[in-house]
Amino acid sequence: MVKQEKLFQPPEHYKINKVIKRNGRIVAFNREKIANSIYRAAVEVGGKDRALAERLADQAVRLINQTYPAGAIPSVEEIQDLIEKVLVEKGCYQTAKHYILYRAEHARLREGKIERVIMEDNVPYKVLWHIFTWNVDHKCDTIENLNKHIRKGTFPDLVKEAEEAYHLALRKAVERIITRISRGVKLVIVAGPSSSGKTTTTLKIGEILNEKEINFYSLSLDNYFKDLEEHPKDEYGDYDFESPQALDLTLINEHLSQLLEGKTIEMPRYNFKTGKRMRERKKLKLEKDQILLIDSLHGLYPEMTSKIPPKGKFKFYIEALCQLRDKKGEFVRWADLRMLRRMVRDSWHRSYDPERTVGHWHYVRRSEKRHIVPFTHKVDYVFNGSLPYELPIYKRYLSRHFPPMVKKYEKDPKKIDAYIRAKRVYNLLNQLDGADDRCVPSNSLLREFIGGSSYRY
């Protein structure tokens, strides 16, 4: 036992502090990511020993220290090669095998993403740069600067400036839409992942179109859900509402096409209490000069609008493009911000425990990666749905929920993803000072999530 404790003694320091990602970005070296990747591989082959994963991670770091001189910047691939070496040398053959297969599968997926460069650019760099420079100019590009606004009493000023910037950016976007309408666009689709701000932004687009005397009809696709027994299910038998297959895509496609051809449709009506379509239908026909405006989680999914020519539709994509760095210099993940939004909204709107939202977020992200992200390279406009001031507000709503959540998930090998996510977001909230939301206007996008909105959803 004494020999084993000495063998797994954690390294006293890291000789490297940066690594090169596959897309060329240089990021901070993170020993916890090594431990998490080892534990994930172990769980897949029946392992449950988190402590062993931590010790193996320390062995990997020790080998990295031996391999590279101080200040070197190895690649992610080189780091993973050394992790494999440690797993094999320590006799963890099944874990090593799964780790190797996992790497190979992800390499295959990367090679298959033909269009990835354009939106990795799935990351819109020009938009991000504009957002980041605005944040720098307004001293809200880091958590520390946000905390300074709160401590100095200038947080309400930041809220006001950010709201003005959001509305100005949206007006510019709608100008682009109107230009395309004049060239024959008849369908405007507002699409984006969960809690990106689609609903409020769509309502505001409608307001601006009204101001400009553009005749439109706002069509909800919620009535096109399939009967509940037809919904796809996840591996736990829960209904998967995040999948586009939960919608009657064939009927949506047919009805949208018929409406734009000037025909009358009989739109279904869906009862969410019973999970079934009602017998009652609604007849609908567009006026001669009317366009259609829809917001949909899966608005980019090809099967939804395949009958409509590309020149006849405008695809407006919204994502919470948060450009805020934490105390380690890492940018806050967009999906983490959206999860916090959904945690707050679910808690008051659907009476869900925030833990439930975190526990199911893995399925939300999986659906986004399968059914939304692959089609972002074909959008007409990318819009930022994040607000630079919102994270301190979530601290007041959610911080207390995380300690028991982290503790619970830590002991459940099947919830490793939820544990990692909960721990990461809790660490993020701990860096922030809490802020009061009374300075947030009632017409703010943020009110869609925290409540108190002047809009009816």
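Placing +1 at every Lys and Arg Cβ and -1 at every Asp and Glu Cβ, with all other atoms neutral, what dipole size does the chain have around its Cα centre, in debye to the nearest 20?
Approximately 200 debye in magnitude.
Given the DSSP H assignment, sum -39500 (n - 2.57) over each helix run of at least 4 residues in the chain and divide by its residue total; what's the result at 222 nm in deg cm²/dmol, nearest 500?
Helix-only estimate at 222 nm: -15500 deg cm²/dmol.
My understanding is that a pair violates if its Cα-Cα distance is over 32 Å; which of Lys97/Lys407; Lys18/Lys395; Lys172/Lys288; Lys160/Lys186 do that in this structure? Each step should come with its number before you reach the end.
Values: Lys97/Lys407 30 Å; Lys18/Lys395 29 Å; Lys172/Lys288 26 Å; Lys160/Lys186 34 Å.
As for pairs spanning more than 32 Å Cα to Cα, those are Lys160/Lys186.
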Original post:
Under 5 Å between amide H atoms, partner at least 5 residues away or on a different chain: which partners does Met267 have, H built in plane at 1.01 Å?
Top reply: Lys282, Lys283, Leu284
Original post:
Rounded, prolate or oblate: which fits the range 116-450 when a ≥ b ≥ c are the square roots of the eigenvalues of the alpha-carbon gyration tensor, with rounded for a/c under 1.5 and prolate only if a/b beats b/c?
Top reply: oblate
**OP:** Apply the Karplus parameterisation 6.51 cos²θ - 1.76 cosθ + 1.60, with θ equal to phi minus 60°, to every residue of the range 320-327 and state each ³J(HN,Hα) to the nearest whole Hz, in sequence, with x for glycine and proline.
**Re:** 7, 7, 4, 10, 10, 9, 7, 6
**OP:** Search the structure for amide H atoms under 5 Å from the amide H of Ser75, placed 1.01 Å from N in the peptide plane, and list their residues when 5 or more places away or on another chain.
**Re:** Ile20
**OP:** For the range 257-288 and the range 422-448, compute the distance between their C-alpha centroids and round to whole Å.
**Re:** 38
**OP:** Scan around Thr142 for amide H atoms under 5 Å from its own, H built in the peptide plane at 1.01 Å from N, and keep only partners 5 or more places away or cross-chain.
**Re:** Arg325
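Lys and Arg at +1, Asp and Glu at -1: add these up for the other residues within a Cβ distance under 12 Å of Cys140 and post the number. Spell out each step's value before the answer.
Details: positive: Lys139, Lys148, Arg325; negative: Asp137, Asp141, Glu144, Asp157, Glu161, Glu390.
Neighbourhood net charge equals -3.
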Subject >> Ranked by how many other beta carbons lie within 10 Å on average, peptides 348-355, 159-166, 378-385 from highest >> reply: 378-385, 159-166, 348-355
**OP:** Pull up the DSSP beta bridges for the chain and report the antiparallel fraction as a percent, rounded to 5.
**Re:** 35
**OP:** Take the alpha-carbon centre of the range 129-199, take the same for the range 322-350, and report the distance between them in whole Å.
**Re:** 16
**OP:** Kindly write out, for the range 431-440 in residue order, the coupling ³J(HN,Hα) from the Karplus curve 6.51 cos²θ - 1.76 cosθ + 1.60 (θ = phi - 60°), rounded to whole Hz, with x marking Gly and Pro.
**Re:** 7, 9, 7, x, 10, 7, 9, 5, 7, 7
Original post:
Karplus couplings for the range 277-290 from phi (6.51 cos²θ - 1.76 cosθ + 1.60, θ = phi - 60°), rounded to Hz, Gly and Pro as x?
Top reply: 6, 8, 5, 5, 10, 10, 6, 9, 9, 6, 5, 4, 9, 7
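Every number here is computed from the coordinates shown, using simple stated rules; none is lab data. As the structure is a computational prediction, the values presented were derived from the model and not from experiment. All Cβ positions, glycine included, derive from the backbone under ideal geometry; neighbour counts span all protein chains shown.
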